[in-house]
Amino acid sequence: MTNRILTVSLLAAVTLLASGEYSGRRAPSFSLPDANLVYYDILDYRGKVLLLDFMSAGCQHCREAAPVFEKVRQKYGSRVAILSIVTFPTDNQRTVSEYIKDTKTTVPILFDSGQVTGNYLKATPTDSKRDMPRVFVIDPSGLIRNDFGYGPKTKEIFDGPGLFAEIDKAMVKKTPAPSAAKK
């Protein structure tokens, strides 16, 4: 019995550590344009898993992650949507066009003036760091299931296999706990 309790406790701790810093909250709503001024509204993606990729066209790790997103599109098709977001003026139509040409990405790249990025990354005037890339996995109901910043512990997310596992988990519909009977 003691081993079972220890095992369950360890699994709970690992799950908690695996959750991203911003997990468990509703994904903030937005509508942003791409380079052709086509607007993408996050609410249009309810009912499917959505990956939000906060990136920079000049970021080498972002460029290395681009083929993984293409593999996600191939594997999951329309069940998973992917949107990349860059911040103006760091990125502009020229830098994004070069990124698309170099990486051959088909993922829509949206332009943000900083408000959406700041909202997702919880940027404040005293803490405005923006580590790139950062991927948010949003489930079909609009909750952030997990988020990953690039680093040694999350490298497999940006290489592929780990991201596929996270998508599979987000696709599983969580059933709400039955409510207690009122007295």
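All of the numbers you see were taken from the coordinates with simple rules; none came from a lab. Keep in mind it's a predicted model, so treat the numbers as computed, not measured. Counting neighbours? That spans all protein chains shown, and the Cβs are built from the backbone with ideal geometry, glycine included.
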For the pairs K75/K155; K48/K75; K101/K169; K71/K155; K75/K153; K48/K71, flag any whose C-alpha to C-alpha distance is greater than 22 Å.
K101/K169; K75/K153
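Given R₀ = 22 Å, FRET efficiency for E156-D102 by Cβ-Cβ distance, to 0.05? Numbers along the way, then the final one.
Numbers: r = 23 Å, r/R0 = 1.06.
About 0.40, to the nearest 0.05.
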Could you tell me which of rounded, prolate or oblate describes region 20-171, using a ≥ b ≥ c as the square roots of the eigenvalues of the alpha-carbon gyration tensor, with rounded for a/c under 1.5 and, failing that, prolate when a/b is larger than b/c and oblate otherwise?
rounded
